[in-house]
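Peer 1: Sharing a structure with you now.
Values in this text are rule-based calculations from the coordinates and carry no lab data. Predicted model, so just to flag it, every value in this text is computed and none were measured. So basically every Cβ, Gly included, is an ideal-geometry build from the backbone, and we count neighbours across all protein chains shown.
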Amino acid sequence: MTTQQVLDLYFLDARHKLVEIASFLDRVERAGDEDDFRLKAFHEALTKLNGKEKAKNVLLAFSDLTVKPIAKATTKAACGAYPDK
Amino acid sequence: MRYIEPHAHMVSRITDDYERMALAGCEAVCEPAFWAGFDRSAVEGFHDYFSQLTEHEPKRAAKFGLKHFCWLCINSKEAEDVKLAEEVIALVPKFLNRPNVLGIGEIGLNKNSKNEMRVLEMQVDLAAKFNQLILVHTPHLEDKFKGTKLILDVLKNDKRIKPERVIIDHVEEHTVEMVLNAGMWAGMTLYPETKCTPARAIDILEIYGNERLWLNSACDWGISDPLAVPKTALEMKRRGHLAKAIEHVVFENPKKFLSQSLNFKLEQ
């Protein structure tokens with residue numbers, strides 16, 4: 001696709017998602033407490049938007065980058081960000 | 001347009017979904033064994049589940065002209081109970097000669113624990129002993145990158161496993177390259193919130209090419225869309241992909257991988 005075609009297809013959708021992110025951050029700010037590992041990971045992920053391979057590096061910013069299996073699974077769920085970063 | 005749904009948990013879906021999939025061009029649906037949303041208390045629960053996958057569900061699909069295939073295993077979400085896992089793994093061979101069974105799956109990891117690793121190794125051994133195809137679930141969200149690496153290590157360390165007979169599912173931008181570089185197949189799951197969106201999945205196809213990659217909905221009892229594959233095919237068309245290239249991804253690719261199982265036959 002040409003740049004024009006990409007923008008014609010996806011610009012409004014991306015703009016909408018960016019405004020959603022901005023309003024989410026405003027909402028968190030109004031709530032007061034910003035000391036949460038998920039939010040820290042989110043802010044780190046935002047810094048990846050300026051470099052190459054943005055999608056890959058955003059995903060890595062939220063990832064557990066350790067290499068050894070954990071001793072025991074104490075939950076089945078994932079929360080979207082690695083707590084011990 | 002014809003397509004194959006290579007990963008769908010139809011036991012969790014209503015009959016209308018079969019009709020909608022058939023109307024959208026689906027020719028076959030493949031159902032890996034998975035977690036029921038709660039832990040089963042005994043091996044007998046798996047016996048009934050495997051019977052459902054191999055006896056009842058094919059009949060439900062056939063009412064709409066759809067072929068139904070399945071994969072058997074214990075899911076990694078139930079792998080902390082190693083004793084139960086051993087009992088289920090001992091049960092699986094009794095079902096492997098059923099005509100719609102494609103292989104062992106979806107095995108893999110969930111939280112990347114030691115017991116999950118142990119059960120994964122046991123099920124890889126099972127697949128090797130019975131010369132079965134393998135379908136692998138990779139962990140969710142923050143656990144996916146690490147889990148995919150651990151899974152690839154287990155598979156690569158077992159020299160009986162041929163990479164071209166393994167599909168690693170739920171890849172995203174940070175895991176697809178390591179899977180393809182290992183010579184295995186990669187599945188992209190189309191979910192509304194987690195995993196891939198249609199646009200991102202097509203990005204991956206455009207970056208990495210359309211060989212050894214497939215698309216699936218992985219529709220189940222959670223937020224998911226049984227028509228995600230044909231919707232992504234439509235998105236490919238919007239982006240200028242030709243009909244032949246679209247069919248290559250949504251039909252020919254899954255057919256090529258799955259045809260390595262003698263049980264995978266599309267004709268009635």
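Peer 1: When only alpha-carbon atoms count, how far does chain A stretch along each of its three principal axes, as whole angstroms with the largest first?
Peer 2: Largest to smallest, the principal-axis extents are 51, 34, 24 Å.
Peer 1: Project the alpha carbons of the stretch B:93-170 onto their principal axes and report the range along each, largest first, in whole Å.
Peer 2: That works out to 37, 24, 23 Å along the principal axes.
Peer 1: Taking 35 Å as R0, compute the FRET efficiency from the Cβ-Cβ separation of residue A:71 and residue B:1 and round it to 0.05.
Peer 2: 0.15
Peer 1: Also, I was wondering about something else. Roughly how crowded by other chains is peptide B:236-243, in terms of the mean Cβ count from those chains within 10 Å of each of its Cβ atoms?
Peer 2: Per residue, the average neighbour count from other chains is 2.
Peer 1: Please state the charge dipole magnitude for the stretch B:125-209, taken about the Cα centre, from unit charges on C-beta atoms (+1 on K and R, -1 on D and E), reported in debye and rounded to the nearest 20.
Peer 2: Result for the stretch B:125-209 is approximately 480 debye, rounded to the nearest 20.
Peer 1: Which residues' amide hydrogens lie under 5 Å from the amide hydrogen of residue B:213, considering only partners 5 or more residues apart or on another chain, with H built in the peptide plane?
Peer 2: When sequence neighbours closer than 5 places are left aside, the close amide H contacts are B:186.
Peer 1: Same structure again: Starting from the exponent 0.38 and prefactor 2.2 Å, build the expected Rg for the stretch B:3-258 from its residue count and divide its actual Cα Rg by it.
Peer 2: 0.94
Peer 1: Follow-up question, since we're still on this one. Mind checking B:105-116 for the average number of partner chain beta-carbons within 10 Å of each residue's beta-carbon?
Peer 2: For peptide B:105-116, the averaged partner shielding equals 4.
Peer 1: Trypsin sites (Lys or Arg not before Pro) within the stretch B:102-204: which are DSSP loop residues with at most 12 other Cβ atoms inside 10 Å?
Peer 2: B:159, B:160
Peer 1: Hey, fewest Cβ within 10 Å first, where do B:107, B:161, B:134, B:246 land in order?
Peer 2: B:161, B:246, B:134, B:107
Peer 1: If all Cα-Cα distances of the stretch B:33-111 are sorted into 10 Å bins from 0 onward, what percent lands in each bin, rounded to whole numbers?
Peer 2: 18, 52, 25, 5
Peer 1: What FRET efficiency comes out for the pair residue B:121/residue B:256, r = Cβ-Cβ distance, R0 = 35 Å, nearest 0.05?
Peer 2: Values: r = 28 Å, r/R0 = 0.79.
Taking R0 as 35 Å, the efficiency between residue B:121 and residue B:256 is 0.80.
Peer 1: Also, I was wondering about something else. Taking 25 Å as the cut-off for C-alpha to C-alpha distance, list the pairs among B:63/B:231; A:52/B:162; A:17/B:111 that go past it.
Peer 2: Long pairs (Cα-Cα over 25 Å): A:52/B:162; A:17/B:111.
Peer 1: Sort B:167, B:202, A:70 so that the residue with the fewest other Cβ atoms within 10 Å of its own Cβ comes first and the one with the most comes last.
Peer 2: So the ranking, lowest neighbour count to highest, is A:70, B:202, B:167.
Peer 1: Please work out, to two decimal places, the log10 of the ratio I(q)/I(0) at q = 0.08 Å⁻¹ from a Debye calculation in which every Cα of the protein assembly as shown carries one identical scatterer.
Peer 2: -0.39
Peer 1: So if we plug the beta-carbon distance of residue B:234 and residue B:83 into 1/(1 + (r/R0)^6) with R0 = 41 Å, what FRET efficiency do we get, rounded to 0.05? Kindly include the intermediate steps, with their values, before the conclusion.
Peer 2: Details: r = 47 Å, r/R0 = 1.15.
My answer for the efficiency is 0.30.
Peer 1: Whole-Hz ³J(HN,Hα) for each residue in the stretch B:65-71, computed from phi via Karplus 6.51 cos²θ - 1.76 cosθ + 1.60 with θ = phi - 60°, x for glycine and proline: what do you get?
Peer 2: Karplus values, whole Hz, x for Gly and Pro: x, 9, 7, 10, 10, 8, 10.
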